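Here's the structure, in structure tokens; my notes come after.
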Amino acid sequence: MESLSNRIHGTTGSNPFREVQAKTFGDDKLVTEFYPTTSYLSLFNEQHEILLGSRGSGKTAILRMLSYSCLKRITDSRVRKFADQHRYFGFYIPLHLEFMASLPQDSFDGTGNTEFFQFAFNCAAAKAFLTEIQTLTQDTFKNSHERLKREAVLIERISAMWLLGKASKFATFEDIADEVDRMYYQQQPWKDGTTIPIPLFAKHLFAPIMAVLPQVCRELNIDINKTHWLACVDEAEFIKPAYLRCFNSFMRSEKRPIVLKLATQPYKYTILDTLIPGIVAESNGNDFNFRSIDLAWNSEDFRSLADHILDRRLNRTGFFDEPVRLEEFVGKIGDDDPKDYFRADIGDDIASDQWILDGILKELSAERRARFENIRDNPDRVSSDYFKKFSPVFYMRYLKRETAPGNRKAGLFAGPELIRRIADGNPRRFILIMHDMFEQARASKLGPKNQHEIIELFAEREFERAAGLPEYGILLDGILKAVGTLLESRVHGKREMIEAGINFEIQPALLSNPVVRGALELGIGYSFLFVDQRSLLGRLTQDTEFRLAHVVAAKYWLPMRRGTSLVLQSRHAKELISQKLLNRAPSTSKECSTALGVLQLDLFEQPEKETRT
Amino acid sequence: MRFERLRAETLENWIDSTSVAMRHKRRLVIAVSGYEERSSYWSKRVMRDLKPSDTTQWLVAGFTDRKEDGSRPENDRFYLDAGLNILEFPSDEESGICETVSVTLAGMLRRAPRSDIEVHIDYSSMPRSWYCSLFRKCHTLLRQRDTLFMWYVGGIYDGAEFPTAGVSDISLFCGQPTINPRVRTHIFGLGFDRIRASAIFRVLDPQKLVCFYGDPGVRHDYVDRVRSDNRDLLAAAQFDFAASIGNFPEAFSKIADVVRDFSRLGDVILVPDGPKPLVLASSLAPEFFGRRGIVSLHVKRRKDHLSHGQNIQASGSIYGFSIAGVESNQDAEIQLVASSHPSRSSFEQSATEDRHTV
């Protein structure tokens, strides 16, 4: 297994995978490292959209790359098409926690302060808009004399509209931005319904921008009827429920050419009410769409994105002149199938298909072994019913058992496909893994055993982080441990091997407990759990099929496959589970273990009736 | 905001140096009767020299909850035996204690306008919202000739487990962020609250991270414990630094220096945690600079309903500092402001003063 990683052996210098967040990047770096996925390309439309993405899925990168300043620099032909058309002009509005926390809090959910929120948001939006207008002006008028003339007109028009009576004071766009700042900081918060001192900025969302857009377009020679101004709102998970109503009102009332692209974590966009009682914003294309931007680990998009990030980061080290893909960097064995790594670990000469099949049969129940005799002469049935079904479980059982004494290392969790699996389609998780791989490659050869060790350590560390997640983290950690241990005992605890995997359903009564639901939603938001698209965009239901993250599967040595259908259940009556047990999120691990001890979770192959009260 | 005559104090030196002048000063002593054993440690040490009298007024606060937990009954008994009433306030709400202190202090200033006043606060067992707000309140109300003393008794934290946190627990304590800053630097204080620090880290998802912790710690093994408990955060940090909990002015200067450096790049968001002196120092940094783009966040501690309050014992070390008041008008009528938070305009006003001294 030859790999290009050998080239960095013994080198020093900074690890190019140290930076994991798009928000730390300058525009140049962001543009260089950005890979336009299918979902990114499909955002160039005139539909308001709520983008749902787990932490580290690339929400910030996508929104920043929609802004005009970044979009214009992309060379990828699929994106250039949109950039050159001059139909979409994006501006990026981050809503940081401290900005949201600085707003008055007369009530827990923000009720009573929506007008001031609109004012504060409009100030932020106006500043973001000005940044892009400035760049757009520079790009539109190459002749400096003409540019200065147009700038002066724009500045006068905008300031006259936004800052009544002060139009003559401003010479640059920055001056107007500073004045917006000043206006925001000097404005005392007010309660809804009292006097509104700044009419335009306190009106509906984007009112100041709507007010100046016709004039801006005219001065910039843009046909307002053919353009869409993408308002890219980031970190919307910090927006209080009452403030979400402002966004719903905006989407409901059709304010094109401004098109809202708002990014948040799954299940954080909690209400659809508008500011008008009884009127709600409707999804499914009526007023807006929910869109998931998470990538499947085995999608072409994620494969290309991972290769792109890897290539750009390695390129910075100076050790690689040619394009580098993940396959080439870490190397692969055979077809990059778990069987290839298993055979390499045991020894190709020993671990033939027949040897593996014999091993599988030896560990199956007597009943299954007997059934095998009936199909022994049918190679297709042998392959599908025995080899394919049980070999992933066999590899895990065999190698865990073999390496348990600690006298040798396994080399199963290795290869490019496995790395993409562990990353689970999450770019940030991929970068974190590659950080560790890079460090290892500098110290020694990046063979399968070393890769396996890195993945095991990474899985352990990543799993530990679940408890440190906000709000329901401790409960999530408890649930993951409970499910992981139960699945582990199915795979490794029994003498006879059974078909096993990492998918499961959840008893409806457990799902109806808001605290359990909160923990599960958190797990999805941080890529510890995965659900189908429908449950991700809508809500968790009794039909939702959950899958443990592959990183959790690696920690417990679980086959990274679906397995038999299992249901996670509590042994208590459903009334108790949904209403009385666990009526608040445990805040310490002691509280959590008590709560989970009371719940008595177990996995059942068939939904089992509640037996106890 | 001016931070004048800020200096480290030791209890012994303070008692020695002030014994002669004891009778000429008016003193307000603020202590807490809580569930921690150390709640009464400082009071027991100073009660002999600072007996309640015409010139020395004690104000002992107790929490309305957890009255039977830990050492609360013994602490209550100690204060009651000393003839002091215990005024009760909810531990998660600072406005009650702040208002009571304001009224008391205003009364002292009114009754003895010519006397120098000392306010002593033992904040060892106070929740952070109490001691940070009390500091701001007293610092603002006291005149330049008066002195505010803050005393902290180091604690033994063995096996303590701390509750997690969520977005709803995070609030802005001090300062104002800018709109759409180019760069944001988060400065995290680290302590034993590993789970909580990690939760806050995950919520804030810092762009640039700087961490600090107390070193030397109350006990020599604490530094290693903090570094080990918070290894994830330290690995993610651009750099980390240590600040002494024994020397508040030095720790404050160190934190302020880092804040100043990073504020050149953009916004600085302080997330205080760890030993109380460092929580106080980092909470107040935005007030010191008094300009937009430097803020401190407070994270409310959740109540763990299963376990009792941690009965923290005193380590035996007492760390203190003193600072002059800021009220410049010596005879000014004390304005009683119920709210502990400055209005946006008053913050703006302080921003323009730009008269910083340490």
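The values are calculated or read from the model by the stated rules, or taken from the named source; none is laboratory data. As the structure is a computational prediction, the values presented were derived from the model and not from experiment. Cβ atoms come from the backbone with ideal geometry, glycine included; neighbour counts cover every protein chain shown.
Taking the range A:262-303 as the region of interest, how many residues are under 18 Å from residue A:44 (Cα atoms) and in a strand (DSSP E or B)?
Residues that pass the stated criteria total 6.
For the range A:454-493: of the residues being free of Cβ contacts under 8 Å to residues at least 12 places away in the same chain and closer than 23 Å to residue A:390 by Cβ, which is surrounded by the most Cβ atoms within 10 Å (Cβ to Cβ)?
Per the stated criteria, the residue is A:489.
Residues that are buried (at least 23 other Cβ atoms within 10 Å of the Cβ) and within 20 Å of the chain's Cα centre (by Cα): does the range A:393-401 have at least one?
Checking the range A:393-401: not a single residue is buried (at least 23 other Cβ atoms within 10 Å of the Cβ) and within 20 Å of the chain's Cα centre (by Cα).
Would you call residue A:208 touching a helix residue (DSSP H, G or I) at 6+ places or on another chain (Cβ under 6 Å), within 14 Å of chain B (Cβ to nearest Cβ), closer than 28 Å to residue B:181 by Cβ and assigned to a loop (DSSP other than H, G, I, E, B)?
In short, no.
Considering only the range A:75-107, state which residues are in contact with a strand residue (DSSP E or B) (Cβ under 6 Å, 6 or more places away or on another chain), at the interface with another protein chain (Cβ under 9 Å from one of its Cβ atoms) and not in a loop (DSSP other than H, G, I, E, B).
Within the range A:75-107, A:92, A:93, A:94, A:98, A:101 qualify.
Against the definition (touching a strand residue (DSSP E or B) at 6+ places or on another chain (Cβ under 7 Å) and either in contact (Cβ under 8 Å) with a residue 12 or more places away in the chain or more than 14 Å from chain B (Cβ to nearest Cβ) (or both)), how does residue A:529 come out, yes or no?
Answer is yes for this residue.
Regarding residue A:591, is this residue out of contact with any Lys or Arg (no Cβ under 6 Å at 6 or more places or on another chain), surrounded by fewer than 13 Cβ atoms within 10 Å (Cβ to Cβ) and modelled with pLDDT of 80 or more?
Here the answer is no, as residue A:591 does not meet what is asked.
Restricting to the range A:223-247, name every residue that is part of a loop (DSSP other than H, G, I, E, B), out of contact with any Phe, Trp or Tyr (no Cβ under 8 Å at 6 or more places or on another chain) and more than 13 Å from chain B (Cβ to nearest Cβ).
The answer is A:223, and nothing else.
What are the residues in the range A:468-496 that are closer than 30 Å to residue A:359 by Cβ and within 9 Å of chain B (Cβ to nearest Cβ), if any?
The answer is none; no residue qualifies.
Rundown of residues vs (1) out of contact with any Leu (no Cβ under 9 Å at 6 or more places or on another chain); (2) surrounded by 15 or more Cβ atoms within 10 Å (Cβ to Cβ); (3) assigned to a loop (DSSP other than H, G, I, E, B), yes/no style:
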residue	(1), (2), (3)
B:1	no, yes, yes
B:28	no, yes, no
B:40	yes, yes, no
B:48	yes, no, yes
B:54	yes, no, yes
B:60	no, yes, no
B:66	yes, yes, yes
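If you go through the range A:422-460, how many residues are under 14 Å from residue A:549 (Cα atoms) and within 13 Å of chain B (Cβ to nearest Cβ)?
2
Could you pull out the residue among B:204, B:134 that is touching a residue at least 60 places away in the same chain (Cβ under 8 Å), on the phi < 0 side of the Ramachandran plot and under 15 Å from the mean Cα position of the chain (by Cα)?
B:134
Any residue in the range B:149-160 that is of a type in the set (A, V, I, L, M), touching a residue at least 40 places away in the same chain (Cβ under 8 Å) and buried (at least 24 other Cβ atoms within 10 Å of the Cβ)?
Taking every residue of the range B:149-160 in turn, at least one turns out to be of a type in the set (A, V, I, L, M), touching a residue at least 40 places away in the same chain (Cβ under 8 Å) and buried (at least 24 other Cβ atoms within 10 Å of the Cβ).
Please state which of the following conditions residue A:203 fails to meet, knowing it meets all the rest: (1) modelled with pLDDT under 95; (2) buried (at least 19 other Cβ atoms within 10 Å of the Cβ).
Residue A:203 satisfies all of (1) modelled with pLDDT under 95; (2) buried (at least 19 other Cβ atoms within 10 Å of the Cβ) except (2).
Could you tell me whether residue A:256 is outside any loop (DSSP other than H, G, I, E, B) and not hydroxyl-bearing (Ser, Thr, Tyr)?
Here the answer is no, as residue A:256 does not meet what is asked.
Tally the residues that are modelled with pLDDT of 90 or more and of a type in the set (Gly, Ala, Ser), restricting the search to the range B:291-313.
2
Would you please list the contacts, defined by Cβ atoms under 7 Å and residues six or more apart or on different chains, that run from a residue in the range A:388-417 that is within 14 Å of residue A:559 (Cβ to Cβ) to a residue that is small (Gly, Ala, Ser)?
A:393/A:500; A:394/A:359; A:398/A:359; A:399/A:410; A:413/A:554
Pick out, from the range B:163-257, the strands (runs of 3 or more DSSP E) lying fully within it that include 3 or more residues that are more than 8 Å from every other protein chain (Cβ to nearest Cβ) and over 20 Å from residue A:96 (Cα atoms).
So the answer is B:208-214, B:239-243.
Considering only the range B:76-86, I want to know if a residue exists there that is touching a residue at least 24 places away in the same chain (Cβ under 8 Å), of a type in the set (D, E, K, R), assigned by TED's automatic domain parsing to the domain that holds residue B:53 and in a helix (DSSP H, G or I).
Looking through the range B:76-86, at least one residue is touching a residue at least 24 places away in the same chain (Cβ under 8 Å), of a type in the set (D, E, K, R), assigned by TED's automatic domain parsing to the domain that holds residue B:53 and in a helix (DSSP H, G or I).
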